[in-house]
Amino acid sequence: MTPEPGPDGDESGWFTRSRPEPDPQNPIPHQQQRPEPQPYRPQPLPEYGGYGENGQHGHYAAAEPDRGGATLLQEEAAGGAGADDDEQYMWTHPDEEPRYPVTEAEPQADPFEEDHAEEEGAGRGARALRTAALLLVPSVVTLVVAGYQLGQRQLWQDESASWWAATLSWSQLLHLLGNIDIVLAPYYALMHLWVSVAGTSAVALRVPSLAAMCLSAGLLGLLGRRMFNARVGLVAGLLFAMLPVTSRYGQEARPYALTVLAVLAATLLLYRALDDPRADRWGGYALSLPFTGMFHLVAALVLAAHLVLVLVVARKRWGAWAAVVGFCAVPVLLIALLGHTQSAQVSWISTDLKSLPQFPGQFFQSTQGMYVVVGAALLGLFFARRYAFVLLTWTLVPPVLLFASRSMLNLFLPRYLLFTLPAWALLGAVGICGLAGLLGPRRKGVAVRQLVAGVAVVAALVAVSLPDQRTVRANPLAGQPDFQSAAGWLLGQQRPGDGIAFAGTRGVPIRTMAYNMRGSSLQPKDVFLAESPADSGTYEGKPCVVPSTCAAGVQRIWLISTSTTASFYDGLPTKQQMVLTQQFKVVSEQRFVGQLRVVLLERRPPATPSLPVKKPHTKAKH
């Protein structure tokens, strides 16, 4: 069953209430009074979910003859004889066929049933206040947790790409996107506008992600109330806020947090459209839908869950939903087609069956936290009833599809699937609140038990994942080179006229070092660079064709190497390596965290040509 809108469209319960007792003055609730009964003319009853000849819903359309003006609905409400068989069902949506039979053997109370009398008695202001609290409490908790030490961790290479793209001019950004990262064009455009106002510090670059995570936690609370009840929404928002993965990507200048926000907003707006099919309601969903795929293409897979949701809540409107999706998919498909030509940039992603067991822990950024959430989620599958399939589709279909297509798409990466995290939190909250509702009296103290159980599990999650919260804030991240320390040390050691070069098997760290040395007038010049990254439309620039010519006149070169082998020259192009080994000698080597080495090379003195040695002239003896 599904929550039924309360006054003013408020969703506050899991199961739909049975029809309210009729008002003697208005025995047909939510409809206008019928006119005086006319002589009976036999007509067939419409099928479930159909409409009568006057446009009324089939369940309320027919009348019985000679009943003194009493309609079939009135007789049902009075519990009299002749009630329609439909009374054995509870409606789940105005356009949906009745489902789950209600018999005398079914419990009268449910672990997710709200105090409906209190809800109906509450005024509009009280309901608005509760909605604001449900939105703000998870948001504020996320702000406190994910915002802690926001700028302590240095930017790693992916974040430095966001910085680099955001600081380009519009023409340079278009040039870059023509060569790489076209799928991130909306995010880079947003960041370009943001840094022009907020600056390029680590905190400023990460504020959009932090704000997106905070809003996501609040929207998750509202979604939980819409699907189940307010307590489920609150617990889901708190679980989401306390997971280390939320802090990890709430503190990263990449589009993953914005993708989560877009998915949650689109899901809530879809509910709004299903509740009221007016054009403006579908318009909100249509406007939000493209952003789910434009911030990250993989997130478009949430449409599978949206389809299941439509079929469960109001399946007669799946045609309208399909039309909206077809129209809104155009910009996403355009970006996908353009990105297909740049697929080489994700060719490094590889996942085999041996590494699959580590995937859940990597996704949640906490193995112990994963056990807590997944354990509660498995329990939630039992209590979620018809919504179990919706949430199961949301959580499992995207990773299964990406893993199955990994040999072609190379997109099976934990952070690409971050948009499924809200569904895990919702299932976990359903399991916690559902179990708490069953452990005790059905009518008394359900709300208190559910809240206490939710807070207890959230506290347990905090306790077991505390070490992982420290890990996601480590500076630098585990396995990443400490470019920040290396850049600070180099700026203190370099001299005017020095050059710099880059080597390594981790990729070229040009932009990461550039970020950490930004604003300094003492930056060494890249000696092997023929065209700058901004002019070439790349992140690394174009190298010199003849490296010896580019290095002419440079006496000292700082080699930044991320090579994991014994030789710090590994990863250099052959011609550049020959110049450095033949014309320069190693003076010093400084090591930093993450197998990062900064090597000082000085030019060898020119060899002095040796003069021929004259042999002493001796007279021959006669």
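Odds and ends about this structure:
- Prolate/oblate/rounded label for segment 483-603 (Cα gyration tensor, a/c 1.5): rounded
- Dividing the convex hull volume of the alpha carbon atoms of segment 456-509 by its residue count gives 101 Å³ per residue.
- Listed peptides 374-385, 421-432, 351-362, 587-598 appear in the order 421-432, 374-385, 587-598, 351-362 once ranked by packing, highest mean of other Cβ atoms within 10 Å at the front.
- Accessible surface of segment 243-323, 1.4 Å probe: 72 percent of it comes from carbon and sulfur atoms.
- Where segment 203-280 is the region considered: accessible area per residue in Å², 1.4 Å probe: 19
- Cβ-defined net charge surrounding G454, 14 Å radius [Lys, Arg +1; Asp, Glu -1]: +3
- Near G499, once Lys and Arg are set to +1 and Asp and Glu to -1 for all other residues with Cβ below 12 Å from its Cβ, the sum equals +1.
- For the pair V203 and A474, the difference between a 0.36 nm per residue extended length and the Cα-Cα distance amounts to 96.0 nm.
- Restricted to Cα atoms, segment 122-472 shows a radius of gyration and a Dmax of 20.0, 67 angstrom.
- Order by protection proxy (mean Cβ within 10 Å, highest first), peptides 522-533, 238-249: 238-249, 522-533
- With θ taken as phi - 60° and the Karplus curve 6.51 cos²θ - 1.76 cosθ + 1.60 applied, the whole-hertz 3J(HN,Hα) list for segment 177-187 is 5, x, 10, 7, 6, 5, 5, 9, 4, x, 5 Hz, x standing for glycine and proline.
- Cut-off 14 Å between beta-carbons: net charge of the residues surrounding L490, Lys and Arg +1, Asp and Glu -1: +2
- Heavy-atom accessible area per residue - segment 483-603, 1.4 Å, Å²: 46
- Carbon and sulfur %, accessible surface of segment 483-603 computed with the full protein complex present, 1.4 Å: 51
- On the basis of the beta-carbon distance and an R0 of 45 Å, S171 and R442 show a calculated FRET efficiency of 0.10.
- Global form of segment 398-530, assessed from the alpha-carbon gyration tensor, a/c cut-off 1.5: prolate
The values are calculated or read from the model by the stated rules, or taken from the named source; none is laboratory data. Since the model is a prediction, treat every value here as computed from it, not as a measurement. Cβ sites come from the backbone with ideal geometry, for glycine too, and all protein chains shown count toward neighbours. All accessible areas refer to the heavy atoms of the entire protein, side chains included, with ligands and DNA or RNA removed. Shrake-Rupley method; radii C 1.70, N 1.55, O 1.52, S 1.80 Å.
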